Amino acid sequence: MSRTTLFVDVIVPLALPNLYTYRVPYDWNDMIKVGQRAVVQFGKSKLYTAIIRRVHEAAPKDYQAKYLNSLLDEQPVVNETQLKFWEWISQYYMCNIGDVLNAALPSALKLSSETIISLHPEFNGEISDLTEDETKIVDKLATEESLKVSDVEKLLDKKTVYHIIRDMIHKRVIFKHEEIKEKYRPKYVPYVRLTGEMEDEARLKEAFDGMEKAPKQLELLMAFVHLSNQFEKTRKEIRKKALLEHVNASPAVLGALQKKGILEVYEKEIGRLSFPEGSSIREFELSEEQNKAMGEVKTHFEDKNVVLLHGVTSSGKTEIYIRLIEETLAKGKQVLYLLPEIALTTQIINRLQKSFGDKVGIYHSRLNDNERVEVWNRVLDNSTSQDKQEPYQIILGARSAVFIPFENLGLVIVDEEHENSFKQYDPAPRYNGRDAAIYLAQMHGAKALLGSATPAIESYYNAESGKYGLVELTARYRGIQMPEVVILDLKEARKRKRLKNHLSTFLIEEIEKTLGEREQVILFQNRRGYSPYLQCNTCAWVPQCKNCDISLTYHKDFNDLRCHYCGYTMNVPHSCVACGSHDVRSRGFGTEQIEEELELYFPLAKVARMDLDTTRGKHAYQQIISDFEDQEIDILVGTQMVTKGLDFDHVGLVGIVSADQMLNYPDFRAFERSYQLMAQVAGRAGRKKKQGKVVIQTSHPDHFIIEAVSLNRYKEMYQHELYQRSNFHYPPYYRLISITLKHKSLDVLNPAAKDFADACKKKFGARVLGPEFPLIARIRNFYHKDVLIKLEKEASPKVAKDMLHEILDEFNRNSKFRQVIVHVDVDPM
């Protein structure tokens, strides 16, 4: 055993700019490794899970190093490449390394002295395999619902109990209290099968013979035998719902067969990696254009690390991804496949699992703590479980998947790369998942493929300027035509009285025609709720949020008014609080109101809604998408969630209810985003069998963005935006750094923001704009002021950030402004 005095620099999960040094007990000298978790005391008594970054022999000069409390791992849970990646995120996005740790590490790998534990629901009370300390904890939890870690320390009279808690969690005796709220609830689907007795052909024949007077039961049983391939080698499992619908039978008919002991119903779990049947994934050869595109991608990869695949909607980009994944796995390397929305993983996982089976893992924020750690360990291949599973070679996930501990990454795919969902806003680090993934690929010596039908202006500019390779797919797979786009002038429709509430009679007629052809409809309205606000028709009073400078949105489903920024709610007022008038009306419209109108116009159609309010549950996305794929939904109304790369076979019509809201948003990216949203949702129409139709309702039919969408002219929009951005100093010609200052008092915030902006102007000159109030000046009782720095592309980002760090340090030293919160956002979106 080494008697050398060792020290470690650790990353603490707090917003601290520096690493902190601790002393290693001699007994641990031979066990200590970079990337392990260690329990450390920080401050007077708080304990945290830190990550060991460096091991050395130099004692800190300015303070006496405390000893590490305990080691939680035999092997590192974070590898060296990851740690370097964390450091890059911290430096590039100007945040603390502790913020990066908090974002990167699954919660279940972090313990703090505030952690609360409870008995695991699966624990059966068997204590023979437990240690004396573990038994004491179980006995205590038998009488108390939960315990804090500090309570456990007192109970056992020990300074550190983290290794005990870790072992008990691993044995599934206890779990962290946070997991109660996020406890995994698998979805169960009822299936039908023959009873054991009926597996005998002779007995089944007798059952058939005895049904002469029960034709409905006979029809149902014959349908089951046929659909399930009962007498063939490969039997199929049959859903109860599918069987009943096949013969148009009621549950009572099936119930009668159950009572006779012929059929039985059983439930089958659909876990997070096993999805419902419904989307038929067909094997097909690449088209000539796809083969050409794939060849070009591989050619570009010979001399470029990043390639942009610009392919129109339904051109078959995903099949190209799959072929490239096959080639990467054949080389023994790993693949990261990033998607902007959790909703998209539901469809893509089906395709990937068909090709790659259990080599595919999913990682995103809606997995609970245990599930995220399971995926983490199967990539790291560091599980201590006896029934250790094969490591994942493909990870499919949202932006947080960039933090997975890859050892041998060979390919990164960023699908729908234009989406602003890849950007993390709050809390820090405010990173862009697409850009971080490109850097991660570079660190591993891997290749990155960006895909989109409507690329981000910056990405297309990088491709055109030669920084990225560029490959284009200009036609849909199998020659299916792009959808026919009809622009409907709302002003003209109002004049001619051809507008029913918010839907034109033309759109209503098209919906009716589409449903008559047994096809589905998607309607896009980029605003949730019933209406954006209520207003007194007498004095114009509007209910406002008490915490934010914003009107409250009316939600008819919940019969209340809600703030979409802080969550504040209030009851719907029966009269105006200002003048007392009872004439309070809803203004504008959201997805709820469109859903209500459709149910009125099409009472026989099944209408569903997909927005933040209907997809809060863990499996809610999956359920809606699965139902739509199975044609159990006729009309789907949604916000931008319905625009993001979803692939449905039977959509004949897409309606954009109000295109003008997007175009009028005060942001330099408003036109680009409007084009992307409209072009993407239009691309959901007519993807598989025939040309679809798109109806765009607008009061500005001559707007160049509307025309560009209708004619699928991405490059015209791109050239127009480049001209504007060059003139007004925006990306891709300039880099942006946005600084937001926040405080509850304007008397403190205003001088603080002026002082900060003046300091920036001394260093950066005319490159600085502000301070200005943003569109919503107060959120959660904090007033906001923004300062924007525009840097020429040729300027050194490192030098600029060093200068900004100096300004921030000086600002933070000013005691007058110590309570002012400052957020830095590099490359804001």
How far is it, in nm, from the label point at Glu792 to the one at Lys546 when both lie 7 Å from their Cα along the line to the Cβ? 5.3
Per the charge dipole of the range 653-772 (beta-carbon charges, Lys/Arg positive, Asp/Glu negative, Cα centre), the residue among Gln661, Phe764, Tyr675 reaching farthest to the positive end is Tyr675
Assign unit charges at the C-beta atoms only (+1 for Lys and Arg, -1 for Asp and Glu), then state the dipole size of the chain relative to its Cα centre in Debye, rounded to the nearest 20. 1820
Contact order relative to length for the chain, counting C-alpha pairs under 8 Å separated by 6 or more residues, stands in percent at 10
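Please work out the average accessible area per residue across the chain, using the 1.4 Å probe convention, and give it in Å². Spell out each step's value before the answer.
Details: 38210 Å² over 829 residues.
Ligands and nucleic acids excluded, the figure is 46 Å² per residue.
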Calculated FRET efficiency for the pair Gln75/Asp303, C-beta based, R₀ 45 Å, to 0.05: 0.75
Say the cut-off is 19 Å between C-alpha atoms; which of Lys84/Lys176; Lys491/Lys513; Lys148/Lys176; Lys46/Lys66 go over it? Lys84/Lys176; Lys491/Lys513
Taking the chain and counting helices only, DSSP H stretches of n ≥ 4 at -39,500 (n - 2.57) each over all residues, the nearest-500 ellipticity at 222 nm comes to -10000 deg cm²/dmol
Calculated Rg/Rh (Cα atoms, Kirkwood Rh) (choose from (1) 1.09; (2) 1.14; (3) 0.98), label: (3)
Could you put Asp549, Asp133, Asp747 in order of accessible surface area, largest first, with the 1.4 Å probe and the full protein assembly present? Asp747, Asp549, Asp133
Less than 11 Å Cβ to Cβ from Asp9, Lys/Arg counted +1 and Asp/Glu -1: what total charge do the surrounding residues give? +2
Which order do peptides 332-339, 5-12 fall in by mean Cβ count within 10 Å, highest first? 332-339, 5-12
Checked against the positive end of the charge dipole of the range 414-524 (+1 on Cβ of Lys and Arg, -1 on Cβ of Asp and Glu, about the Cα centre), the farthest of Ala475, Leu490, Leu450 is Leu490
Need the full-extension length gain, Ala214 to Lys140, defined as separation in residues times 0.36 nm minus the C-alpha distance. One decimal, nm. 20.6 nm
Among the aspartates and glutamates, which have Cα under 16 Å from the Cα of Lys801 when same-chain residues fewer than 8 positions away are ignored? Glu87, Glu792, Asp809, Glu810, Asp825, Asp827
Quick calc, the range 290-417, dipole around Cα centre from Cβ unit charges on Lys, Arg (+) and Asp, Glu (-), nearest 20 debye, gives 200
Counting only protein heavy atoms and a 1.4 Å probe, tell me what percentage of the chain's accessible area is made up of carbon and sulfur. 47
When ranked by the protection proxy of mean other Cβ atoms within 10 Å per residue, highest first, what sequence do the peptides 373-380, 14-21 form? 373-380, 14-21
Everything considered on the Cα gyration tensor (a ≥ b ≥ c; rounded for a/c under 1.5, else prolate if a/b is larger than b/c, else oblate), the range 411-509 must be described as prolate
Is there a quick way to get the dipole size of the range 29-134? I mean about its Cα centre, with the Cβ of Lys and Arg at +1 and of Asp and Glu at -1; what is the value in debye to the nearest 20? 780
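The values are calculated or read from the model by the stated rules, or taken from the named source; none is laboratory data. Just so it is clear, the model here is predicted, and its values are computed rather than measured. Backbone-built Cβ (ideal geometry, glycine too); neighbour counts: all protein chains shown. Heads up: the accessible areas ignore ligands, DNA and RNA and are worked out on the full protein's heavy atoms, side chains in. Shrake-Rupley method; radii C 1.70, N 1.55, O 1.52, S 1.80 Å.
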